[in-house]
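The values are calculated or read from the model by the stated rules, or taken from the named source; none is laboratory data. What you see is a predicted model, and the numbers here were worked out from it, not measured in a lab. Here the Cβ positions follow ideal geometry from the backbone for every residue, glycine too, while neighbour counts run over all protein chains shown. Areas reflect the complete protein model, heavy atoms only, side chains present, ligands, DNA and RNA absent. Shrake-Rupley method; radii C 1.70, N 1.55, O 1.52, S 1.80 Å.
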Amino acid sequence: DEPNLHRKYKGMHKRIYLTFVSFFSIYLIHAQSNPVSGNISSKVVNEKNLSISGASVMLLSKNDSTLVKMALTNEEGIFEFEGIKQGEYLLTIREIGMETYYSSPISITNQTQQIKAPVIQLHASAVQLNEVVIKSNKPFIERQLDKLVVNVENLISAAGSSIFEVLEQSPGVVIDQNDNISLKGRQGVIVMINGKPSGIAGKDLANYLRGLPSNTVQKIELITNPSARYDAAGNAGIINIVMKKDQRIGTNGTISLNYGQGKYPKTGQGLTLNHRTKKLNLFASYNYSYRQAFSHLTLYREFLEQGILDGVYDQDNYIRFIFGTHTARAGIDYNLSKNTTMGIVTSGLTNRFNSNGNTHTDVLNAKEIMESYNNNSSKSSDRLKNYSANLNIKHVIDSTGKELSMDLDYAQYENKSDQHFSTEYFNPDASVLSPPYLLQGDINGKLSIKSIKVDYVHPLSHQAKIETGFKSSVVTADNDLKYYDQSSGSAVYDPSQSNHFLYHENINALYINVSKELQKVNFQLGFRAEQTNPEGNQITSQQKFDSSYINLFPSMALNYTISKKHEVGISISRRLDRPSYRQLNPFKFFINNTTYSEGNPYLRPQYTYAVELSHTFNQKIITSFSYSQTTQNITEVIFPAAGLEKITIQSNRNLARFDYYGMNLTLPIQIASWWNSVNNMNAYFGHYTGYLANTNLSRGNFNFNINCNNSFVIGKGWSAEFTGVYRAPEVYGFMKVQGYGFASAGIQKSLFANRGSLKLNITDLFYSNNTSARTDFRDYAETFKVNRDTRVANVAFTYRFGNTKVPGAKRRTGGAEEEKQRAGNG
């Protein structure tokens, strides 16, 4: 693997993209053509017959409840839909604190083209919803007050894909070739599952996400400004993956099947079951995912002495991956009393990951003439197991809203890896240069996390409240790595490559958060204190470290409503990112005979100060400006190993500083009644400073990412989607990554009275999702390009069975946060 890999997007692909959109649009326009059209209008008031402005009005097709058009009521409470084609429709109106309104069928005919419905009165919302008779589609991307929401279940191109691939399409999210996730150009993202940490990170997290079918996920929340209630970790914010949970009364569930074909096949099967009564909810799910993929990497490595070329490695590397992932989840929610709810959730994951790689290296001299070559083969068999349990209790103390909640978490991770490397050396004439080198690696790792978290909410008068709580966690890790030299025919233990690393960590935290809502101003002020006590012991080298530190993390957010169409906000916070357990682990993981990755037990936490200004127009268009400064910035780099002949190391180091200046724009556009486009652009300037491998670093550039998602309503249960993504060239530490882009398209048909759906899609239509980059040090330079199995045709079928009554959702969260996220990161 190489760090921070992105893809190159050629100009030809831009022209093809525009041509495709044009032809696709012409087809859809033709499919929608109808000479009859009309207008629908009305007025919305409250129970006192006062106008309601800013209410969300959705016009739905009566046949399949698909969204036709959206509008907001004006200052007089009036809305109007113009140019509506002939057919039957339903109206849905939503407003905060009010019951959702559902209309009777409305018809546009040759005789009835101008419809002015009677005044619509909304009523204050009740405690529990009645049976839902209309299903309306949410857009792919929604902007909420404190986060951006990606509705995965409404993304056609996600069918048959993994959630890893959906993340790559999400606004502001970039995943490099080393599986590091960044948000709006900043690394240090905390990934959570249902509000709890994912439990793994780095390559292990990426393998889990690659094996997690997208049909098991409801939505992805991108939270860039977490409050003091969250752990201080994550300078770029939080990505929360919300799994589907059936809220219907009775016994019901979902069956899903999918098949994808790129160069290699990919399949997935899943089943969810849910049984709910008014007091009890039992739920369970199981999914199996099988995926084959590849990575084809070419590198040109230049080794220098005082700026003069000393030698070159010209390499071609091809690795084939096979994933087999089983995920299971089960739990129970029970209402102990009117005010007390208890829940237990257990989950398990097993991931079998096998890889076979071959690397051919031409060894060139200072004149770039081949002196020899070698062939390296690598085989790895990895087994990852994860078991976790959560007990949560919530008690509402009184009618004023005082509530106390507690979470107990336990998680255990096991990782076993069997590695085999062999290298053969040849002269240019193919004669043997030296005997082959054979190396075997045996890795056994265990990690356990125990956590307790208590939160208390105390409402005050005049729409104010105080939130406070504490958390304590204990993490223990035992990683044993043994390497054996088998070149002589028998396995000989190699102490220079082997290691045994023990790690223990205790984190204690306290927080308080004060918030208040006024007529036009909402503000929140929070403080969080965290004490970290880490201990590390390298048994093989007898090196130990034992340190502790206490930090205070203030946060502040303020929103001001200027008018009904304009709202501004500001947020300020201080956060940190501790090194992950794998980043601290000093093991050597061999990639081939010339490169290995290695942890750094002396890696220090990085600290970030961040400020963000935002403006919202008409509750739709959001613009934000942000600045952050990160010191002791943890950056993944690849550099020449000191004292070794032409060997490179992939590791993490603390650079001096990273400054970030960013602007983000979310722009939803209703182009036509059948065509909705959600666009997101993130532009930023990032600048790195530091010193590594005899090289001073002061480097940065302007970068922008564009994500455009288009959804089309064709009619008669058919809908379609087209997504385009472009990311401009970027500087990441010592590396310059070329720009790239890709496009995906899909079509969907609703079946069996909307209980089933059939989806067809193609990801990376033009096979442009590839990467090229260059790294420069004083004594080393590297240019590389990589291709992956990104163009895949998928077909997916989903069928839902059971009852359709929907009660109010119960709260269920977890407590072990940052510790699980850091497990296994590399």
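Let me have the relative contact order for segment 491-612, percent, based on Cα pairs under 8 Å that are six or more residues apart.
RCO, segment 491-612: 20 percent.
For segment 498-583, the solvent-accessible area with a 1.4 angstrom probe is 50 square angstrom per residue.
Based on the alpha-carbon gyration tensor of segment 595-721, what equivalent-ellipsoid semi-axes (square roots of 5 times the eigenvalues) come out, in whole Å, largest first?
Working: eigenvalues 359, 85, 26 Å².
Ellipsoid half-lengths, sorted descending, are 42, 21, 11 Å.
When nucleic acids and ligands are ignored and a 1.4 Å probe is applied, MET681 ends up with an accessible area of around 60 Å². Cα-based radius of gyration for segment 731-807, normalised by 2.2 N^0.38 Å, reads 1.87. Using the alpha carbons alone, the radius of gyration of segment 650-734 stands to its Kirkwood radius in an Rg to Rh ratio of 1.24. If you take the square roots of the eigenvalues of the alpha-carbon gyration tensor of segment 493-547 and sort them as a ≥ b ≥ c, do you get rounded (a/c under 1.5), prolate (a/b over b/c) or oblate? Here segment 493-547 falls in the prolate category.
Summarised in one figure, the compactness ratio Rg/Rh of segment 267-392, Cα atoms and Kirkwood Rh, is 1.35. Hey, how much of the P(r) for segment 337-447 falls beyond 18 Å, as a percent of Cα pairs? Tail of P(r) above 18 Å: 70 percent of Cα pairs.
THR340 contributes about 20 Å² of solvent-accessible surface, heavy atoms of the protein only, 1.4 Å probe.
For segment 586-650, applying the loop criterion from DSSP together with a ceiling of 16 other beta carbons within 10 Å to the chymotrypsin sites (Phe, Trp or Tyr not before Pro) yields TYR602. Volume per residue for segment 528-660 equals 144 cubic angstrom (convex hull of Cα atoms). At q = 0.16, 0.23, 0.24 Å⁻¹, what is the log10 ratio I(q)/I(0) for segment 683-771, with the Debye formula run over Cα points and no solvent? Each listed q maps to, in turn, -0.76, -1.07, -1.11. Here the label points at ALA389 and HIS326, each 7 Å from Cα along the C-beta direction, are separated by 1.9 nm in the simple model. A straight chain from ILE308 to ASP398 at 0.36 nm per residue would run longer than the Cα-Cα distance by 24.8 nm. If you wrap the tightest convex hull around every Cα atom of segment 387-507 and split its volume per residue, you get 168 Å³. The accessible area of SER381, taken with all protein chains in place and a 1.4 Å probe, comes to roughly 40 Å².
At R0 = 56 Å, how high is the FRET efficiency between LEU72 and ILE539 if r is their beta carbon distance? Nearest 0.05 is fine. Once the sixth-power term is evaluated, E becomes 0.30.
Give me the base-10 log of I(q)/I(0) for segment 422-482 at each q in 0.14, 0.15, 0.18, 0.25 Å⁻¹, Debye formula, one uniform scatterer per Cα, rounded to two decimals. Here log10 of I(q) over I(0) equals -0.72, -0.75, -0.83, -1.01. Panel note: the C-alpha atoms of segment 536-598, placed on their principal axes, show extents of 65, 34, 11 Å (largest first).
Please list the three semi-axes, largest first and in whole Å, of the ellipsoid equivalent to segment 287-350, using sqrt of 5 times the eigenvalues of its alpha carbon gyration tensor.
Working: eigenvalues 600, 74, 8 Å².
Over the Cα atoms of segment 287-350, the ellipsoid semi-axes are 55, 19, 6 Å.
The Cα atoms of segment 463-563 cover 80, 29, 15 Å along the three principal axes, with the biggest extent listed first. The distance separating the Cα centre of segment 588-618 from that of segment 70-85 comes to 47 Å.
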